[in-house]
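Okay, so here's the structure we're looking at.
The values are calculated or read from the model by the stated rules, or taken from the named source; none is laboratory data. Since the structure is predicted, the reported quantities are computational estimates derived from the model, not experimental observations. Every residue, glycine among them, receives a Cβ derived from its backbone with ideal geometry; neighbour counts consider all protein chains shown.
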């Protein structure tokens, strides 16, 4: 007999698919009857009236766990017509009778085809609503659109290792939230490390670093650059090497002669012993070079004309968007799950499958950097966004990211507000996606989300 855990998993995935299909929240209900269980949803509390026959009803066979998917039957009708996974579709939806030619007429009609049931049989992918229970010891299978799915014990091990590493580097508990960047500076035989500064209090920099930052006009500074770990670790080293009495950049360059700086990116699901390399933002790169670290000053990138959208039809884009969103929701975190927001398909379809903007140049109040709206989320974000959602009081879903040394996750909440989450904290981009896009394109000021969930 099918397990209770499998029943709940089927109901949860059905609710995701139906919410995205119908455009309003579908709360799953499991009703037991002699043949098994039927998955359905009550009428929405806001008074939305579903179209008759809309959506799908799922029947779970008691003995085999096989799924029968039929178009929008009321649960009572679905239960009364269920006779087993192989016969239900034909019994519930018999083929319509073919017209009979008049006596003596020569029929030109082809022989009747057997009726096609609205579902198939076979082994089920544990991440989808395909028929049949998962085979014993089945390997976890990820959708090609979703982030990588790890076994639960490996996911928990990585999360614990990351939390321990972040707590050690920050010296505080709870550890800073992800994503994070670790900066490691080696100078005169000593090693210094730092993380991005995510607490509300402003970081304290060495006077030489402050002088180099002040030389960059506000509209040319990257959002939150003074909170980035590469500047924090350099300040830490300069305080140790000479105190705060030296404020000129020439002195700092002499102290940092021969120094090497490495940056590593830590994201949810990352193996802490194998992090990916990270890049410095434009502002940090400019400051570091002015302080004598090796490298060339970063250059501007003027935004080119946006690429022309392809000729893919709207139906195909909606299908891609729906599959990508469902695949992302299907991958849980250790502590949180991503929400099913009914408006996601309509919100993301105009940018499907992805919408890149290449830029790196001064903006109105701060520097603008490259970003991408993307229905295909390649990293795990459930815990990252779940932690921020607890502060905001609203669930969040990932819709893209920023480059240019920001390494951020772009996310929309249930109120349509858009945020960026990076290694310097969370930032409010706008009350709607259109407003957020204007912020990202022209460089409007972005307030930082405080620990209280306000800005």
* Asked: Is there a residue in the range 32-40 that is within 33 Å of the chain's Cα centre (by Cα), modelled with pLDDT under 75 and not in a loop (DSSP other than H, G, I, E, B)?
  -> no
* Residue list for the range 360-399, filter: without any contact (Cβ under 8 Å) to a residue 40 or more places away in the chain and crowded, with 24+ Cβ neighbours inside 10 Å -> none
* Asked: Is it true that some residue in the range 179-198 is assigned to a helix (DSSP H, G or I) and surrounded by fewer than 16 Cβ atoms within 10 Å (Cβ to Cβ)?
  -> no
* Output for the range 1-38, where each listed residue is in contact (Cβ under 8 Å) with a residue 60 or more places away in the chain and closer than 21 Å to residue 81 by Cβ -> 2, 10, 14
* Has the range 299-321 got any residue that is within 24 Å of residue 16 (Cβ to Cβ), surrounded by 15 or more Cβ atoms within 10 Å (Cβ to Cβ) and touching a residue at least 40 places away in the same chain (Cβ under 8 Å)? -> yes
* **Per-region count, the range 199-228, residues outside any helix (DSSP H, G or I), touching a helix residue (DSSP H, G or I) at 6+ places or on another chain (Cβ under 8 Å) and within 21 Å of residue 448 (Cβ to Cβ)** => 8
* **Qualifying positions in the range 199-221 - touching a residue at least 60 places away in the same chain (Cβ under 8 Å), more than 31 Å from the chain's Cα centre (by Cα) and surrounded by fewer than 22 Cβ atoms within 10 Å (Cβ to Cβ)** => 213, 215, 216, 217
* Which members of the range 280-298 meet the condition of being touching a helix residue (DSSP H, G or I) at 6+ places or on another chain (Cβ under 6 Å) and not in a loop (DSSP other than H, G, I, E, B)? -> 283, 284, 287, 290
* Asked: In the range 415-426, is there at least one residue being surrounded by fewer than 20 Cβ atoms within 10 Å (Cβ to Cβ), over 22 Å from residue 303 (Cβ atoms) and touching a residue at least 60 places away in the same chain (Cβ under 8 Å)?
  -> yes
* To do: Among the residues of the range 442-453, write down those that are more than 13 Å from residue 222 (Cα to Cα) and surrounded by 13 or more Cβ atoms within 10 Å (Cβ to Cβ).
  => 448, 449, 450, 453
* Structure fact -> All conditions in (1) modelled with pLDDT of 55 or more; (2) exposed (fewer than 11 other Cβ atoms within 10 Å of the Cβ); (3) over 21 Å from residue 18 (Cα atoms) are true of residue 47 except (3)
* **Residue identified as in contact with a strand residue (DSSP E or B) (Cβ under 7 Å, 6 or more places away or on another chain), modelled with pLDDT of 50 or more, under 30 Å from residue 427 (Cα atoms) and not assigned by TED's automatic domain parsing to the domain that holds residue 376 among 146, 196** => 196
* Asked: assigned to a loop (DSSP other than H, G, I, E, B) and either over 25 Å from the mean Cα position of the chain (by Cα) or surrounded by fewer than 21 Cβ atoms within 10 Å (Cβ to Cβ) (or both) - does that describe any residue in the range 154-168?
  -> no
* **residue 354 being closer than 21 Å to residue 409 by Cβ, touching a residue at least 60 places away in the same chain (Cβ under 8 Å), under 27 Å from the mean Cα position of the chain (by Cα) and outside the structural domain of residue 216 (by TED's automatic domain parsing)** => no
* To do: Report the residue count in the range 242-279 for those that are assigned to a loop (DSSP other than H, G, I, E, B), loosely packed, with under 13 Cβ neighbours inside 10 Å and in contact with a strand residue (DSSP E or B) (Cβ under 8 Å, 6 or more places away or on another chain).
  => 1
* Structure fact -> Only one of (1) in contact with a helix residue (DSSP H, G or I) (Cβ under 8 Å, 6 or more places away or on another chain); (2) farther than 24 Å from residue 339 by Cα; (3) crowded, with 23+ Cβ neighbours inside 10 Å does not apply to residue 439, and that is (1)
* Regarding residue 344, is this residue at pLDDT below 90, over 30 Å from residue 161 (Cα atoms) and in contact with a helix residue (DSSP H, G or I) (Cβ under 8 Å, 6 or more places away or on another chain)? -> no
